[in-house]
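The values are calculated or read from the model by the stated rules, or taken from the named source; none is laboratory data. Since the structure is predicted, the reported quantities are computational estimates derived from the model, not experimental observations. No Cβ is skipped: glycine too gets one built from the backbone with ideal geometry, and neighbour counts run over all protein chains shown.
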Amino acid sequence: MVKILSIKVGIIGAGPAGMASALYLKRSGLDPVLLEKSAPGGQVVSTFAVENYLGFNEINGADLSLKMFDQMNYHKIEYKTFDIKDIIKKDSKFIVTNGNDKLEFDKIIIASGKRRRKLNLAKEEKLKGISYCAVCDGTFYKNKDVAIVGGGDSALTEAIYLSNICSKVYLIVRNEVRAKESIFEKVKAIKNIEILKGEVSELVGINNLEKIILNDNTSLDILGLFISIGGIPNNEFINSLNLDLNQGYIKTNEKMETSEKGVFAVGDIRDKEYYQIATAINDGVIAALSIAEEE
Ligand SMILES: Cc1cc2nc3c(=O)[nH]c(=O)nc-3n(C[C@H](O)[C@H](O)[C@H](O)COP(=O)(O)OP(=O)(O)OC[C@H]3O[C@@H](n4cnc5c(N)ncnc54)[C@H](O)[C@@H]3O)c2cc1C
């Protein structure tokens, strides 16, 4: 049976984007419900140290997530543990289901983020020194040797970023560099970036990464390995909706509206250039204000 709640906006995902939407909707007099399959905070929960979020010189990701979630509780924002499997549009309403229960909303904000694409090597989860975000963690490797895996725009941009901090940056590209020519030219001109063709086949170290071995048996003594081979958007539940996508990421306009009327997308699930906590919050705020303006 469909349970009719006195709410209007269902927010899928309680990462920074979803929580920002919830806060602004609630303060605009609307009743948002945060639907989260795991724990509030999203990718931030597993971030060792956040050093680029305004207001904190450095904060552990789990602590930052907790502070964000405290704010949800302070504003009495409804939160449900709910693993969304499908969203069905029925007339002008949206029925969200986890396979058993159904919830009905007038509008939906998709804030389900992304998960990292991994190399799937032994010790990848365990060793300190493996990162998926150069902007976030690069500073921990000041004047040290590091490597970055990937051949796209992001990997090359991150290599340039790291070259200003680290003494040496190995850029490991599996096949060809796929980045824009302008970025590639910049990389080629930087003295402390060395491009190597190959694949990482082994991560060596006990607690901290000490070296990596490539598939041609070359070994590189590095303390940091940055993996920039893309993310996987958490979009498994959107098939019943008519959403425009770019490689799985949801396209929106500047108001965060998707191609399906009444559905908004914010944060890392959105097709955009920069994926950060601040940009996720920016999207969340804009979606909420767009909805509040319509009401
Ligand atoms: C290792 C790492 C370090 C980082 N460090 C920094 C940093 O220092 N500074 C910075 O600005 N950014 C950093 N980032 C990026 C930042 O964490 C993300 O840009 C930000 O978390 C995106 O927020 P979001 O709310 O869009 O998505 P997410 O944080 O991905 O949250 C999405 C939420 O949706 C939930 N969800 C997904 N599918 C479903 C479903 N079917 N049903 C219900 N819930 C669902 C997920 O469980 C998750 O909680 C880092 C990222 C990583 C991976």
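Laid out as a table, the results:
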| read-out | value |
| --- | --- |
| Test: ALA134 is over 17 Å from GLY10 (Cβ atoms) and more than 21 Å from the chain's Cα centre (by Cα) | no |
| Test: residue in region 48-56 that is among the β-branched types (Val, Ile, Thr) and without any contact (Cβ under 8 Å) to a residue 60 or more places away in the chain | no |
| Matching residues, region 73-91, being within 9 Å of the ligand (Cβ to nearest atom) and either in a strand (DSSP E or B) or free of Cβ contacts under 8 Å to residues at least 12 places away in the same chain (or both) | THR81 |
| Selection from region 35-60 of residues that are more than 7 Å from the ligand (Cβ to nearest atom) and either in a helix (DSSP H, G or I) or hydroxyl-bearing (Ser, Thr, Tyr) (or both) | VAL45 |
| Matching residues, region 258-285, being surrounded by fewer than 20 Cβ atoms within 10 Å (Cβ to Cβ) and either of a type in the set (A, V, I, L, M, F, W, C) or outside any loop (DSSP other than H, G, I, E, B) (or both) | ALA278, THR279, ASN282, VAL285 |
| Residue list for region 148-171, filter: under 23 Å from the mean Cα position of the chain (by Cα) and in contact (Cβ under 8 Å) with a residue 40 or more places away in the chain | ILE148, VAL149, GLY150, GLY152, SER154, ALA155, GLU158, LEU162 |
| Qualifying residue in region 147-168 (condition: outside the structural domain of GLY61 (by TED's automatic domain parsing), surrounded by fewer than 21 Cβ atoms within 10 Å (Cβ to Cβ), acidic (Asp, Glu) and at pLDDT 95 or above) | no |
| Residue check for ALA20: among the aliphatic types (A, V, I, L, M), near the ligand (Cβ under 10 Å from one of its atoms), part of a loop (DSSP other than H, G, I, E, B) and surrounded by 15 or more Cβ atoms within 10 Å (Cβ to Cβ) | no |
| Strands (runs of 3 or more DSSP E) wholly inside region 206-246 that include at least 3 residues being more than 22 Å from TYR141 (Cα to Cα) | 231-233 |
| Check on GLY29, within 12 Å of the ligand (Cβ to nearest atom) and part of a loop (DSSP other than H, G, I, E, B) | no |
| Exclusive hit being farther than 20 Å from ALA155 by Cα and within 16 Å of the ligand (Cβ to nearest atom), set ASN234, ASN242, ASN207 | ASN234 |
| Members of region 54-73 found to be buried (at least 17 other Cβ atoms within 10 Å of the Cβ) and at pLDDT below 95, listed by number | ILE59, GLY61 |
| Considering residues of region 245-257 that are of a type in the set (S, T, N, Q) and modelled with pLDDT of 95 or more only, the residue surrounded by the most Cβ atoms within 10 Å (Cβ to Cβ) | THR252 |
| Selection count where residues are in a loop (DSSP other than H, G, I, E, B), of a type in the set (S, T, N, Q) and within 9 Å of the ligand (Cβ to nearest atom), scope region 95-138 | 2 |
| Options LYS85, LYS142, LYS118: the member that is surrounded by fewer than 16 Cβ atoms within 10 Å (Cβ to Cβ), more than 21 Å from ASN235 (Cβ to Cβ) and within 25 Å of the chain's Cα centre (by Cα) | LYS142 |
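A quick yes/no check of all residues on (1) in contact (Cβ under 8 Å) with a residue 12 or more places away in the chain; (2) assigned by TED's automatic domain parsing to the domain that holds ARG174; (3) touching a Lys or Arg at 6+ places or on another chain (Cβ under 6 Å):
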| position | (1), (2), (3) |
| --- | --- |
| GLY198 | yes, yes, no |
| SER201 | yes, yes, no |
| ILE206 | no, yes, no |
| ASP216 | yes, yes, no |
| ASN235 | yes, no, no |
| ASP244 | yes, no, yes |
| ASN253 | no, no, no |
